Amino acid sequence: MVTPEVEISKNRDNLKMKPLVTIAILNWNSLDFLKKFLPVLIDRTPIDLAHIVIIDNGSTDGTAGWVTADYPDIHLMVLDRNYGYAGGYAIALEKISTRYVVLLNSDIEVPEKWLDGMIQFMEDHPAASALAPKILSYQSPRQFEYAGAAGGWIDRFGFPFCRGRIFNSIEDDNGQYPTPEKIFWASGACMLVRTEAYRNAGGLDPEFFAHMEEIDLCWRLQANGGEIWYFPDTCVYHVGGGTLPNESPYKLFLNFRNNLILLHKNLHGSLRRRILFSRQVFDGIAAIQYLIKGKPRYFNAVLRAHSEFNKMRKDRYRNYKGTGIREPYTFSGYYHGSIVVAFFLKRIRLFRNLRIQR
């Protein structure tokens, strides 16, 4: 069972102001990032518009003590252990009562007036359930960042990618994505979500632990009739890889396993069977490639992902019928082809070179 969070904020009067937005920062042993980016966030966020909540996910690096001592006016939730990105946020967001919530990674730098335009966009577009800013690399500010770039898409076999990033091919930002666009998913690194829509969709699923939980959420938001948007007027800078490095076999395991969970949860009937069979083929090829390249830990990560997914499907999702409301090809940000074929066989590296059906 989840242990209730401990609230350590010394000044809770700010919470009674009930601003429009809660900025929720989930932290797990990332005190160095908080020390670097939290002061910037505070300086660039109007207190009459938003308040900041830090959710400490069982850290052991002294985060709770530092926030309490240095920022007593910030609301702090302390969880008894690491529930992962999905679980930590799922617990914390049950307590949120503002109209909007921003899910914000601790390793992100925000610009001046970063929130104003995003909120105005949501107010002007009542059908919008979630909004993603442009996400650039903190280390290389002219380059898109892997986790989100200019908005998330998904292909017919459930492989996610981004405008500005296809697999490990990352574009420079030359203004090629200048206007707001409907997308399939907003990155959990920085996502503005309408709280009511979040709750109506069932919120983040703790089973994912970390990775692809935001895609699952955005899929359900759209199944409920909502829209997911990319908003280029706000640009944030993301360090990335702060919790799990990109080369981590565990991260690879989570991505493969969670992608299968994503498809099993949100597809249904014969379409689900066909797509999951296709994914077995794709993932089997990927596993063999890792073995050929002398990466047995990656090979084992893919096998473990499928093994654990099959167990979860048997034990937890035996009677799960999927959302069954709308199929993904009716959503924005859906690529009717295979991004794997486009990238590895056709050598397509830029989003603009994909054949997109409108």
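Please go through the stretch 298-338 and pick out each residue that is surrounded by fewer than 14 Cβ atoms within 10 Å (Cβ to Cβ) and at pLDDT 80 or above.
If the condition is that a residue be surrounded by fewer than 14 Cβ atoms within 10 Å (Cβ to Cβ) and at pLDDT 80 or above, then SER307, ASN310, LYS311, LYS314, ASP315, TYR329, THR330, HIS336 are the ones that fit.
If you take the residues of the stretch 344-358 that are assigned to a helix (DSSP H, G or I) and touching a residue at least 40 places away in the same chain (Cβ under 8 Å), which of them is surrounded by the fewest Cβ atoms within 10 Å (Cβ to Cβ)?
ARG352
Select, from ASP205, ASP283, ASP233, ASP216, the only residue that is of a type in the set (D, E, K, R) and surrounded by 22 or more Cβ atoms within 10 Å (Cβ to Cβ).
ASP216
Given the residues THR98, THR68, THR60, which is the only one that is at pLDDT 95 or above, of a type in the set (S, T, N, Q), assigned to a loop (DSSP other than H, G, I, E, B) and in contact with a strand residue (DSSP E or B) (Cβ under 9 Å, 6 or more places away or on another chain)?
Within the list THR98, THR68, THR60, the selection yields THR98.
Tell me yes or no: at least one residue of the stretch 239-253 is within 29 Å of MET122 (Cβ to Cβ), among the aliphatic types (A, V, I, L, M) and in contact with a Pro (Cβ under 9 Å, 6 or more places away or on another chain).
No: the stretch 239-253 contains no residue that is within 29 Å of MET122 (Cβ to Cβ), among the aliphatic types (A, V, I, L, M) and in contact with a Pro (Cβ under 9 Å, 6 or more places away or on another chain).
Tell me which of these LEU276 doesn't satisfy, since it passes every other one: (1) farther than 27 Å from ALA86 by Cα; (2) buried (at least 16 other Cβ atoms within 10 Å of the Cβ).
Only one criterion in (1) farther than 27 Å from ALA86 by Cα; (2) buried (at least 16 other Cβ atoms within 10 Å of the Cβ) is unmet by LEU276, namely (1).
For THR195, work out the one condition from (1) within 16 Å of TYR89 (Cβ to Cβ); (2) of a type in the set (S, T, N, Q); (3) modelled with pLDDT under 95 it doesn't fulfil.
Among (1) within 16 Å of TYR89 (Cβ to Cβ); (2) of a type in the set (S, T, N, Q); (3) modelled with pLDDT under 95, THR195 violates only (3).
Quick check on this structure: which one of THR63, THR98 is of a type outside the set (Lys, Arg), in contact with a helix residue (DSSP H, G or I) (Cβ under 8 Å, 6 or more places away or on another chain), farther than 27 Å from LEU221 by Cα and touching a residue at least 12 places away in the same chain (Cβ under 8 Å)?
Numbers: THR98 fails: farther than 27 Å from LEU221 by Cα.
Selected residue: THR63, the only one of THR63, THR98 that is of a type outside the set (Lys, Arg), in contact with a helix residue (DSSP H, G or I) (Cβ under 8 Å, 6 or more places away or on another chain), farther than 27 Å from LEU221 by Cα and touching a residue at least 12 places away in the same chain (Cβ under 8 Å).
Listed residues VAL236, VAL193; which is outside any loop (DSSP other than H, G, I, E, B), touching a helix residue (DSSP H, G or I) at 6+ places or on another chain (Cβ under 9 Å), at negative phi and of a type in the set (A, V, I, L, M)? So that I can check it myself, show each step before the final result.
On the way: VAL236 fails: touching a helix residue (DSSP H, G or I) at 6+ places or on another chain (Cβ under 9 Å).
Residue meeting the stated conditions: VAL193.
Matching residues to (1) over 24 Å from ALA24 (Cβ atoms); (2) assigned to a loop (DSSP other than H, G, I, E, B); (3) of a type in the set (A, V, I, L, M); (4) in contact (Cβ under 8 Å) with a residue 40 or more places away in the chain:
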| residue | (1), (2), (3), (4) |
| --- | --- |
| ALA149 | no, yes, yes, no |
| TYR198 | no, no, no, yes |
| LEU204 | no, yes, yes, yes |
| GLU207 | no, no, no, yes |
| CYS218 | no, no, no, yes |
| TRP229 | no, no, no, yes |
| PHE256 | yes, no, no, yes |
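Give the number of residues within the stretch 288-297 that are charged (D, E, K, R) and buried (at least 16 other Cβ atoms within 10 Å of the Cβ).
The total comes to 1.
Taking the condition of being hydrophobic (A, V, I, L, M, F, W, C), over 19 Å from ASN174 (Cβ atoms) and in contact with a helix residue (DSSP H, G or I) (Cβ under 9 Å, 6 or more places away or on another chain), how many residues in the stretch 329-358 meet it?
Total meeting the criteria: 3.
Determine which member of the set SER106, SER140 is under 25 Å from LYS35 (Cα atoms), free of Cβ contacts under 8 Å to residues at least 40 places away in the same chain and in contact with a strand residue (DSSP E or B) (Cβ under 9 Å, 6 or more places away or on another chain).
After ruling out the rest, the residue left standing is SER140.
The values are calculated or read from the model by the stated rules, or taken from the named source; none is laboratory data. None of the values given here were measured: they were computed from a predicted structure. Reconstructed Cβ throughout: ideal geometry from the backbone, glycine too, with neighbour counts over all protein chains shown.
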